[in-house]
Structures are given as C-alpha cells and as structure tokens.
Amino acid sequence: MRTPLLLFLCICSLLAPQAWGDAGVLIPSPGNDKPDPTKLSLADMHVSIVIDNQNASVSLRQIFASHMSSVLEGQYLFAINPEALISDFAVWDGPVRIPGVILERKRAEEIYDALRLQAIDPGLLQQAEQGEEGGSRVSFFSARITPIPPYGTKRLELAYSERLRLEQLQSYFYFPLKPRQFQEQAAGRLRVDLTLRHVLPLSNFKQTSAQYPLTIDRQTTTEIRAHYEGSNVTLSDDFALTYELKSPSNLSVLFYRSKEDRYLKSGLPVTAFERPGRSDAETEAGYFEASALFNTTASAAAKRRPSEFVLLFDTSLSVRWDKLERQFEALEKILYQLHAEDRFQLLLFNSKATLFRPTSVPATPENVAAALDFVKGSFLAGGTDLKQALQTALDNFQPQPGLTGRAVLISDGNPTFGTVETQKLARWFSSATATPAGPKIKLCAYGAGNGCNKVLLRALAQSSGGLFEFVGETEAAEFKLNNFVAHLTIDPLSDPQLTISNYPNFSEVYRTPEGPVFNQSSAQWVGKYRQPLRSVNFTVAARQLAGPIELKRTVDLPSEAVEHLFIPRNWAKARVDFLLRKIEMEGEDAASIGEIVSLSKKYKLVTPYTSFLAAPRSLLRPRLIKPGDPVLRVRTDPDIRTVTAIFPFGLTKPLRYLPREQVWQTRFLAPKEMVDGLYYCRLILRDRVGRAFEERKSFVIDSRAPAIQASVDRSAYRPGDTVEVRVKSDSDTRRIRLRLASLEPAEARWDAGGKASIGRIALPMEIATGEYALEVFAEDFAHNVSSRKLAIAVVGQ
Amino acid sequence: MLVRSKLLFTFAVLLVLLGAAAAFFRLKRDADRTLTAARQTVIDRHSVSLKSRTIIPQGKTGYRLFPAALRATDGIWFRDHLFVTSNLGLLQFDAAGREVKRYTSVDGLPGHELTALAKTAEALWVGAGSQGLLKFTGTQFELFYAENASDFEVTALLAMPSGELWVGTKQRGLVVFQNDRAVEFVPAIGSRFVTALEGGHQQAVIGTFDESAWIYRQGLVSHFKKDSGEQGSLLDNQVTSAACSDETVYVGTPLGATEIRNGRTVRNFAEGLAIRAIAPAPRPVAVTDQGIVTLSAPQPSSARALASGPNPGRFGQSGVAPAGINRLLPLSDGWLALTDSGLYTTDSLERNAWERFVSRSSDRSLASSGRAGLWELSDINVSAIAFDPDQNLWVGYFDRGLDVFDPGGRLLVHHEDDRLFCVNHLLVLGDGQMAVSTANGLAICDATRLRHFITEKEGLIHKAVVMTLDLGEDDGRWLAATAEGVSFFEGNRATQNLFALHGLASNRVYCASKLGNRVYIGTLGGISVLQDGRLTSSWNTANSGLAANWVNAMAVLGRRLFIGTYGGGIQSVEADGQWTDYAEAIGRFEVNPNAMAVDGERLYVGTLDRGIHVYDERQNRWQLLRDGLPSQNVTAFALAADRVLVGTSRGLVEIRKDVF
C-alpha cells in the first residue's frame, strides 16, 4: 500500500454492517452517513410494547421531518435482536401505506432485482448468510426511503415480536435506543406505551435506566400499564426493564382460536389494506401454549457442589476479531466465577488440540491468570477439527471424586477438518459419551457472533444433557452470559414432558424453545387442537434431584379465543424450526421446504427459504469501516457492466470487476489534508443496456485510537473497597474495559448524568497490599485501541 | 515686558500647535497602518502571493527516468508545435508529428502532475498541480508557486482574449494570475474546486467538482446547478468538461451534457453517459465513456453516436476508435485524440479510422509493430520494486499488477488479473521465489509464473497483505503483515496468526523488521515486540520515544532500528533502549508504508510529499532530495550496486549513488 492515508476500508456490499446500528435511524442522503437532525430530524416516535405472558410484541412508528428545500432520500437502519421476529415494515408515501411482504427467497430476489433496475431500491431482509467478514444478514434491517418531500414528513412503521426468557424468576426486556454507531438522536416527541401482563403475579417491576421514567397508569397483580411521554428527548440509553414472577410452580395454558372475518387466519389483525377472509371459510384449528414454571424450594436451597471443568476454547481462524473477543469474554467470566474448590482444565483447539496443563488444576487466582495468559499467548491458526478436540477432552477428562464434571465448549461450531457434518458429529459425540448411567460428560456450549453453527452446538449440548447459549452480535451479552455461567454448576431438571388427555384432538405439539430447563425458569409447549372440548387435562412432569415434579391443569378448549394473538405465530415458528432441524439432519426435501415457505408467507417469518421484501432500500449497504486499507469494494447485481467511483477530493476511478469474488474493487489515494471523519464517494453504475444508476458510499477516516482521560475516585484503597473509574474518551468509542491485576475485567458504561463512562472493580478481601496499575482500554468502531494506566495503591486495613 | 509676554505666548501657542500636529500625524499614521493591514488582510483572503523560480531545462546527471506507456491528457498548439501534457512529462511535437523534445522531472520540471495547458502571446502556460504554474517561453520555464501549496493547486487554465490568464484551482476557486499574485475572480467562485475552464470573446464557463457551473457573460456571472433554477438545470453538479463558443456553452457531467444558450439551458445530450471531453468546433462533439457522440441540433434529445469504442483495454491497431479519450483537438485535416494509451488521429469521426500518432521518429518501427520499448512500465503509479536473484527487476503497481524485466530491460512478463493487481510489497524468499503482497492476497511467483496464491482459505489471517518479512531462520519462516493481524508461514504453509488479543498493539499492521532475536511489528497503534515466539511488549507514544503511534516503515541500519511514522517523522532505537528523534534535523512528516531501504551506511526514506530523506550513518547527516523526482510521493526503493531505483506515484527513476 502506498497511500497518503492508509485509513479506509470502504467495503460496500449487500452485507450487514459490522457496526451496531441504532434503532430506527434515518440517515439523509446525499451528503451524510450519519443522522443529521439539521436535515432530517425525528419529529415523533411512538413505541408500543405489549408483553403478554412472556411474549413481547413491539410496534414502532417514527415520523421524520425534513428541513431541506429539496427532495431527500434516506437510509433507514434498525438493529434487531437475533431472537426477534420481524413481522411488519411499512413506509407511508403520502396517504398510501406500502407494507412489506414475505416471499420465497428466489422470488423475492427476482422482484428485488427488477425493482432495482427501475431505480427503485427495495429493502430485503434475509436470514443467516455468511458475509466476507463472517458477518450475517440476520438481525439487521435496512431500507432506502425515498422520496422525502421538501419540508415534509416521512412515516415509517416496524413491528417485531420476541419471546422473553425467564431465568431465576426474572425476565429482561430492552428496546434499543442507545446509540451504538452514531451519535445520540433526539426525538421531538417520544411516547412509549407499555402493557405487561401475565397469568401469574408480577413483582419487582423496574426500569434499568432512568432516562424514560414510566408513569404507571394501572397496576394489578397480573397487569401493568404504563406510559412515558416526553418532548425533545435525547435517546441516550436503551429502554429496558426487568420484572419477576413470584409464584410457586405452576402450569398455565393459553389459547387462540378465531373464526371471525376481522382476523386473518394467521392471527394477525387485518388492516384496512388487507382483504379480510371469507365469512364462510373453513374454521382454522385452535392453538394453545402451555407454560410450566418450576419453582421448587428444594432446588433453590441445594448447595453448589464443587465442580471440575474442561474448557474447550476455539482458536481457529473462523473466530477471529469480534467473535474471538466475545469468546474470550465468556472464558474470563467462567474462570472468574469458579470457586477455590473447583478444578479446571483448559484445551485450546483449532486443527490441533493443546492442553494448558497435563492435568486439571485448582481454580486459584494464579491458575486462572495463567490460563488466560495461556490463551493470549496462543495463536489463531488453521481450521477446526472439532472432533479431535472433543476426543481430547474426553480422553483427558477424569473428574476427581466428589466433583461434578462439566465440559464447556466455547466455539462457533464450524468444523473444517475431520468430521464436519453436523449429524455425524452429533451422533458420534452422543455415542462417545454414552454410558449405562447416562452421558459420561455434560457438555455446555456457548456460541457468540453470527455465523455460529447453532444447530451443531445445540445438538452436542442436548445429547449430553448440557445447555446451549448463543449471543448474537447486536445483543448485550451480559444477561445471557450471566445465566449461562450461573447454570454451569446447577443440574437442570430432567427433560420435562407434557401429556394431554384427549391427545388425538391435538397435533404438531412442540416444546419451544428446546433446551434444559432449570429451577426458577419455565418451559413452553405450543400446538394445535381441532375441536373445542371441555375438561382437558394438561400435565407436565419433570425430575430434579429432590424428586419428581408434576404440574397439572384442567381447562376447557375454547371455540373462540382471541386475546393472545402471539400464539399462532409462536406455533408456526416452532413448526418451521422443527422442519429446519429435520432438513439439517436429514437433508432437504420438497415437502418440508414447501411447508416452510407456506408457513413463512402466512405468518410473516424470515427463513432460509423466504425473504421479507420491504420498502426500497439501498443496493449497497455500508459496513463498518476499518482503517488501513484504501480499497473500495462494491457488490452489484450481475447486470451491472461498469462502476465508476467519484471521490470527494476530485478523483474519478473506474472499478475493476473481480469475477472470483463477484465484487468490484478499486484503490485510491486520499490527500493528507482530509482529516478524520465521515466522507462520501459517488458511484455511477451502468447496466448492460446502458442505464446509469447513482449511489453514494461512505468511508471513514479514522487514524486515531480514542483519546482517553481516566481518573479514579481516590489513590489508595483497602481490600474490599470498590475502585470507581471515570473515563472520558472520543465520541466514536464503542467499548471501554478496565483491568486490574488478575481480577475479572469490568466494563465502563456511559453515565449521562456524569457525562463520562463509569466502571467499577471490586477489590477482593484477599488482595495483597501494594502498588497496582489499573489499565483502561478504549476501542473505537474502527477497532483502534488505546490504553492508559492509572496507579492505585492497596493499603492494609 | 509686553513684548516678552507676547513672545512667550506665541511660543506656547506654537508648541501647542506642534503637539497637536504631531498627535494628528501619529493618529493618521496609525490609522493608515491599520487600514493598510486591514486592506492587506482582505487582499490576502482574496488573493495568494506567489513566488517564482526559473527552470532551465537540462537533464540532471545521474538520473534516468523509466519510460512508461504514454497517457496523454491535454494538448495545445504553440508556435507551430504541439505541446502535450502526459504522465511522462511535457511532450513537444513538430508539425510533422515528430516528438522533438520531452520535458520531465529530470530536466527540472517540478513533477509529472501536469494538469492543464493554455497559451498567451508570450508564453505557454502549464498547470503543474500542487506544484503551481509553469510558464514556458520556448527556452526556459518559470515556476510560480505559493508558500502553502494548497493555495495554488492548479487544475485548469484559460487564456482570455484580453491577455488575462485565468487559473482554476482546487481549493481557491478561480483566480486571475498577476505574476506575483493570484487574485480571486469573484467571491462566489472562491474556495471551489474548479474542474473546467473554457471561454472566448463573448463568454466563459467555469465548471466545478460539486457546485456545477458558472457562466461569465457580459460582465455577469450566472450559476447553473443540477436543481432546477429559472435559467434551467444541469444533469449533475459535477462538471467534468466544458466547451464554449460565442453563442453556446456545453457543460459535460458524469451523467450527460447540457447546452446553454443566451443564459438558459436549451437541451441535454447523451443523458446517462459520462462526458470526458467536449470539442465545440468545427462542430460540437463529446467524448463519452461509450464513444464519441455529436451534439447535433436535429435530434436534441438524443446524441447520435459517431464512434463507439471498445471496452477500455489495450488499444489495437487502426480502424478501432481509441478508448480513454481525454481530449479531442481539431486538426486541419481531421482530429487528434489524446488518450490513455497515446495519441491517435483520424481524418473523419464518421469514418472511425484511427491511426497512432507517431510519438518519436525513432520509435516508428515500434509503433507499427505495437511492441513496447525496453524498460517500458505498464503504469507510473509504482508501489513496490525489487531485484530477484537473477537481477530481474520486479515493479509492482498500485493497481496494475506487476512487470518483470530482465537485466537488459526486456519485459519478461506482466502479471495482472483480478487477484494480483493491487501490489503493496515485494520480497525475495529464501528459495528465490518472490512474495508479492497484494490487497487481495499473497502471491508466490517466480520470474514468469504465479505459483501459489494464498488467501484466508490457506490460513492467512486477512487477504489484505501489506508486506512480508523473512525471519531468517533455518526453517524458512516468514511473516505476512496484514490489515487484521500477522500470519506466520513455513514455506507456503501458514502456521500461526497473531491478533490484538495476543497483545499486538493494533490489528492494523504495516511493517515489520528484525534486529537480533527480536521481531518488531509496526502497527497503527505502535510497535509490538516479538521474542521467542511471544509478544513481550508494545511501544507507543506514551511509553517510548515514538513520536506517532502509526508506524509505517522500519529498517535496520547498523545497530539501530529506524522507524518511520505517519506524521511523526523518523525515530530510531538501539538495543539498549536509547531513542533518538530526528525531528530537529528533518522535521515531522509522513513516511510511506515500507518506503525505507538500507544500503551499507545509508538509509533511504520515502515520504508522502517531500521526496527522499537520506541518512548517512558515517557522517551522521541527513540529506533531502526533491529534484528530479516525477513526484514527491516516494513509495519504494530497490538498491543495485551503484544506483538506487526510486518508485513514486508518478514514475520510476534511477539515481546513481554518487549523486547522494
């Protein structure tokens, strides 16, 4: 590279950005690559959240106002939790609402291509594709919005649903408003309406941030209605809440069945723009959802037994960059949570497996620190021989008497050497760990980042009775990681089973989600029923150490029940997941694919075989820019014959087509006068018939790691004290971590009141007195890292 | 008594008057000074002071410029000679088409960034980009430049019939040249990036990069933009070319051309086509990326294609319209095209029969055979140079692959495909093969063949490879520095990768060097030290003598590791940890990636915009070399016994070592 500024990687493609988009951001173009309220401001935002028996349905309406005298376009970005299901997206073009539709993937792509040739760029949401950098399209939605009239407004609507987990009787919900990529947005008017209801008593409802204080409108033991309303609201934090279910073990059953015309068969409300069903249409089956809450005092009171762990840590090339950091974070968390009486063995694997020590070692702070150093001293290399790694773990795993044995696999689950087929690998592991007394070893699998082979990891975990957790790139990992670590040393309940009297009246019943169930959490089943019946017995049975658990409920199957609209869609999702697993294990078949497509269209689900075709979106998506490579890469459809880039400093360059990668590429030199910041280049694309299209692409000049100003609240501490660190850094900082000696690292989080990021590290009682260096690491979105050291002293009591 | 009193009184009055007068004049002087200063401030804001120096073209001894494929950008007839600006300098042809002279950096030109041509009665004017403005009288040049180069970066020229010289600039808009000063023409066009200047007796057009066009007519300036205005609108705000006659103005953009008459847009032509050039006479034609079109009246809504060129690529023999036409000049008997692949003529655009315009009489035979001459580079944007064990010269280009020449200058092979085209670095491996670092992977080549191409699939941590370093170990280990970490190889097999998690100062790795048993890895965030296979420490501005964290190049001279940074100049460190900063001697500047070479007792450092710094260890002296270079952006070195090859962004020059 011979460049005046080796700062940009401008990769413009159809791939989801590595950056974490904010929720509902509209970026005006031309001329911007971030929200610009002087051009387009968020005038009005309404978020309606209904959490109905752990099922959250979120409807978002945003109205953007243009302050320009010319017609604008904009790019709309929304980052969705990977577990969430988008159910609707619509753009209003004047009085006309343009909704999105679910289509077969190929058909969606054909229509998408055709629309683009007409210079209408449609939005397209597709699932789980591997990108160049290991990224995936899932959990990110973008759409180009045009036209935005001069001094006019643009209304956008988006809806999604997600199932909230219950862990240790607590649930967590968040709606992303906190800026992750761009600067803070402000809403001219923000209203949040919340309805939280459950058949069981709710308790300890609280918001995790004071930014949007709710006014409680109505509160009973089973329902909370609240709202927040504000003007000129700075969106500096997520809207998040927690609540608990205070109930002994309980089985509840909810139903949905409708024969009314005003509801679509799918259970989604008909809008004025959709044709209602015929009144004499055959009545659909009914749907049920049974939810079993397990809360036995015996389990809760059980003492934690000392455990021995074998930790398998993936160091292959596929887990580089963010995935590796997330994996390392998980490993740190696990190791720091171990007790002194626990033991562990660490195995690093890629194409080879390497043991930390010949045998397991006690989980002392010294050994934990040495293990982490061992990881840092290793190299990422080669491919992944997962089978060899698992075999090595099995060969070396000899838990000492009195210790509970566990294996923890931290990997993306993508083997490239040895046995690579999911089905074969899962079967091999199952037989390799089978003993007459049950699985020889319980394997818990943790996968981070998109591109994870969730099917394999889940299969490995389930075959041995272990648990599986996955954290997507756009998620805050803390809640899931904490639960994963907390459950490592607890035995789940044995596989809960649902039995129903009059079973022939029921069909396609699935437990969803699958996976181990722990005390103080819940298990759900969804299914269909044909006819209304009275006095049907539902029974859930499970086993725990203290003995069997049985929950019963007798209910009448209604002929009509329309209160819980989420049930049919949950059932459809479970059915689709079942079919996808079947395809993964047994291969594709036409019937399964056909049913997936049919269900997806009916219930608006995005699957590997269907796409959500929404309002126009950009042909070329931006992605997170990394410094150091002045390369512009553009992915286009096959009809494009030439691409020319026009850079803001006056350079015009044709791009070269790389057929092997199916991408256009050029390099450029930028003058050194271009200071750090966001810039645009124009792309002129010409297709085979000579039509010209214009696009704009952004790139970031970011030559500096974040500047850090850090301070501690005092210079001397005693064992047991908490060190509070206050950090100020550049606005493009995405993460700040604190490290002190061999203690568990901590994150510094933004405190709006203090206008700084605050992090805290608790000093253990056994820490030795002396001088310590507290390191502060700041990383920006371009992955520049800077650090600062602060000297602190630990003095005696 | 009375008389004395009167005298005293008169004296007192005179004193008072004198004092008042003095005060008045002081006040006036101060006011004048303030006024003058204010006036000067205003003048400075709206004008640029220029310096000048004379250049008598004569070849510098010890310098040899490598030839390259000709890319002609502009041309003008001056005193019966055709002058052409090109990537090879300023070419002069006689009326018979023979090249009689070539003025290059070796002759004293400030570089090969020649952007525009104009002529007045007394001189030929050549825009020299960031270097300023050249005036050529036929025997010598005079260079006019500003103290701050960006104040007078010349992009376009127009000699008005009045004798005024209008100069379009990149950051100061349109200025009028007045020898020692360039004065802003009109504030509205100040601080614009001027891309086109055309005009005549009646009117002139000033095109800009992103603010459309202004037309100066009858003393008034009108602005034409993409958005509709009362006088009409253009197809785009970026003006790529323009043409002007007494009545009509044509404005070319990346999306077509617009005709303007009497201050109003009349019609559009060639919509959707990128306009590269417009020739208004004898009849208006436009050069587009799809061929030459005529801007004819009968069918105003469509441009009639005259000649469609083939897809850009190597040009063939006559009979095919040349691709990449930058300018069309009318000849008495046809047209002359100045193109990315040389000069061509035709007697008729309709007939579309083109011939190569012979550049040198001595090259006539080469021209007819189509064979390139000795040492003729495929491109001038050189990014890497190296000699292999057979003394073949390898030249890597920024985005045109690489050439391999035998010691006699004969081209052995040109490697360029969709993987091997953005070359960053060249390194001879222990087995004699060449490791070619590219933005798309790592190519292992011998003189004529690509043997392996290594990407992430083969274990490379990232395909954007900046450079490679032979670790000099018996097992043939070497490393590749990439945009996302470091990969280690044994032979062609990747064995390990290093990442920030392992302690690298940053994943953005630019260079590496070895001193003793330590490997130093230069990154965007400082230097990481690798010893016995482990990263032991990192240096940055907070804990070392580094002046900037962004480390672009390193080289070992004697017992010192010299470190070139982006913006911090050069430092060195010795094994005992002693740092030396050379800012006092040579200042702070940007060192280009891996633009460092060591030859015995000398260190050569290529910079972004100030040529070459040369350090002589024996004399402990720095020397700055700027003259003779086709560009001050020096990107690569290759060292032979008695000469240094210097790669720049605008050509390759060989300098005898005794010049230093």
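The values are calculated or read from the model by the stated rules, or taken from the named source; none is laboratory data. The shown structure was predicted, so the numbers you read here are calculated from the model rather than taken from an experiment. Backbone-built Cβ (ideal geometry, glycine too); neighbour counts: all protein chains shown.
Select the strands (runs of 3 or more DSSP E) contained entirely in segment A:644-730, then report the ones holding at least 3 residues which are facing chain B (nearest Cβ under 10 Å) and not small (Gly, Ala, Ser). Qualifying strands (runs of 3 or more DSSP E): A:652-654, A:656-658, A:663-667, A:677-687. What do you reckon, is residue B:399 touching a residue at least 12 places away in the same chain (Cβ under 8 Å) and outside the structural domain of residue B:607 (by TED's automatic domain parsing)? Yes: the conditions hold for residue B:399. Only a single criterion out of (1) exposed (fewer than 14 other Cβ atoms within 10 Å of the Cβ); (2) touching a Phe, Trp or Tyr at 6+ places or on another chain (Cβ under 7 Å) is not satisfied by residue A:787, namely (1). Contact map, segment B:585-610: first residue touching a residue at least 12 places away in the same chain (Cβ under 8 Å) and crowded, with 17+ Cβ neighbours inside 10 Å, second residue of a type in the set (Val, Ile, Thr) and part of a loop (DSSP other than H, G, I, E, B), Cβ cut-off under 9 Å, separation 6 or more or different chains; pairs are B:592/A:3; B:593/A:3; B:608/A:3.
Does residue B:612 fit the bill of being aliphatic (A, V, I, L, M), under 26 Å from residue B:438 (Cβ atoms) and more than 11 Å from chain A (Cβ to nearest Cβ)? Yes, satisfied.
Tell me the helices (runs of 4 or more DSSP H) entirely within segment A:384-475 that contain at least 2 residues that are farther than 30 Å from residue A:177 by Cβ, aromatic (Phe, Trp, Tyr) and out of contact with any strand residue (DSSP E or B) (no Cβ under 7 Å at 6 or more places or on another chain).
In segment A:384-475, the matching helices (runs of 4 or more DSSP H) lie at A:422-432.
For the residues B:505, B:483, B:494, the requirement of being within 9 Å of chain A (Cβ to nearest Cβ) and closer than 25 Å to residue A:332 by Cα singles out B:505.
For segment A:57-87, filtering for residues that are farther than 18 Å from residue A:39 by Cβ, modelled with pLDDT of 80 or more and not polar (S, T, N, Q) leaves 3. Filtering segment B:528-546 to residues that are within 14 Å of another protein chain (Cβ to nearest Cβ) and under 25 Å from residue B:616 (Cα atoms) leaves B:544, B:546. Every listed requirement among (1) surrounded by fewer than 24 Cβ atoms within 10 Å (Cβ to Cβ); (2) touching an Asp or Glu at 6+ places or on another chain (Cβ under 6 Å) is met by residue B:517 save one, (2).
Residue-wise test of (1) outside the structural domain of residue A:460 (by TED's automatic domain parsing); (2) at pLDDT 90 or above; (3) β-branched (Val, Ile, Thr).
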site	(1), (2), (3)
A:279	yes, no, no
A:284	yes, no, no
A:293	yes, yes, no
A:311	no, yes, no
A:322	no, no, no
A:325	no, no, no
A:332	no, yes, no
A:336	no, yes, no
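In segment B:454-481, the residues that are closer than 16 Å to residue B:429 by Cα reach residues that are charged (D, E, K, R) with C-beta atoms within less than 7 angstrom, at least six apart or across chains, in these pairs: B:469/B:514; B:471/B:477; B:471/B:514; B:472/B:514; B:475/B:490; B:476/B:490; B:477/B:490; B:478/B:470.
When you look at residue B:494, is it closer than 19 Å to residue A:380 by Cα, within 30 Å of the chain's Cα centre (by Cα) and not assigned by TED's automatic domain parsing to the domain that holds residue B:582, yes or no? Spelling it out, it is not the case that residue B:494 is closer than 19 Å to residue A:380 by Cα, within 30 Å of the chain's Cα centre (by Cα) and not assigned by TED's automatic domain parsing to the domain that holds residue B:582. In segment B:423-440, the residue that is surrounded by the most Cβ atoms within 10 Å (Cβ to Cβ) out of those that are within 12 Å of chain A (Cβ to nearest Cβ) and at pLDDT below 95 is B:439. Annotation: of all residues in segment A:658-680 being crowded, with 17+ Cβ neighbours inside 10 Å and at pLDDT 80 or above, the one that is nearest to residue B:130 (Cα to Cα) is A:668. Looking across B:54, B:36, one residue alone is over 29 Å from residue B:375 (Cβ atoms) and part of a helix (DSSP H, G or I). It is B:36.
Within the option set A:346, A:324, being at negative phi, touching a helix residue (DSSP H, G or I) at 6+ places or on another chain (Cβ under 7 Å), in a strand (DSSP E or B) and buried (at least 19 other Cβ atoms within 10 Å of the Cβ) holds for one residue only, A:346.
Of all the listed residues (B:91, B:114), the sole one being in a strand (DSSP E or B), aliphatic (A, V, I, L, M) and in contact (Cβ under 8 Å) with a residue 12 or more places away in the chain is B:91.
Tallying residues that are under 15 Å from residue B:158 (Cβ atoms) and away from chain A (no Cβ under 14 Å) within segment B:215-245 yields 8.
Looking only at residues in segment B:508-522 that are at pLDDT 90 or above and facing chain A (nearest Cβ under 9 Å), the one that is farthest from residue A:379 (Cα to Cα) is B:510.
Yes/no matrix, rows are residues, columns are (1) modelled with pLDDT under 90; (2) under 27 Å from residue A:493 (Cβ atoms); (3) assigned to a strand (DSSP E or B):
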position: A:532; (1), (2), (3): no, no, no
position: A:537; (1), (2), (3): no, yes, yes
position: A:551; (1), (2), (3): no, yes, yes
position: A:558; (1), (2), (3): no, no, no
position: A:585; (1), (2), (3): yes, yes, no
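So that you can scan it fast, the table gives a plain yes or no per residue for (1) at pLDDT 80 or above; (2) touching a Gly at 6+ places or on another chain (Cβ under 7 Å); (3) polar (S, T, N, Q):
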position: B:270; (1), (2), (3): yes, yes, no
position: B:282; (1), (2), (3): no, no, no
position: B:303; (1), (2), (3): no, no, no
position: B:308; (1), (2), (3): no, yes, yes
position: B:314; (1), (2), (3): no, no, no
position: B:325; (1), (2), (3): yes, no, no
position: B:347; (1), (2), (3): yes, yes, no
position: B:353; (1), (2), (3): yes, yes, no
position: B:360; (1), (2), (3): no, no, no
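Condition check: buried (at least 22 other Cβ atoms within 10 Å of the Cβ), outside any loop (DSSP other than H, G, I, E, B) and within 13 Å of chain B (Cβ to nearest Cβ). Does residue A:372 satisfy that? So residue A:372 does not fit the description; no. Cβ-Cβ contacts under 7 Å between residues 6 or more apart (or on different chains), taken from a first residue in segment A:740-765 that is not assigned by TED's automatic domain parsing to the domain that holds residue A:336 to a second residue that is of a type in the set (Gly, Ala, Ser) and in a loop (DSSP other than H, G, I, E, B), are listed as A:752/A:236; A:757/A:748; A:758/A:748; A:759/A:748; A:763/A:720; A:765/A:720. Kindly establish whether residue A:580 is more than 24 Å from residue A:52 (Cα to Cα), at pLDDT below 90, in contact with a helix residue (DSSP H, G or I) (Cβ under 9 Å, 6 or more places away or on another chain) and part of a helix (DSSP H, G or I). So residue A:580 passes the test.
Cβ separations smaller than 7 Å between residues 6+ apart or across chains give the following pairs from segment B:536-548 residues that are assigned by TED's automatic domain parsing to the domain that holds residue B:564 to residues that are surrounded by 20 or more Cβ atoms within 10 Å (Cβ to Cβ) and among the aromatic types (Phe, Trp, Tyr): B:546/B:539; B:548/B:566.
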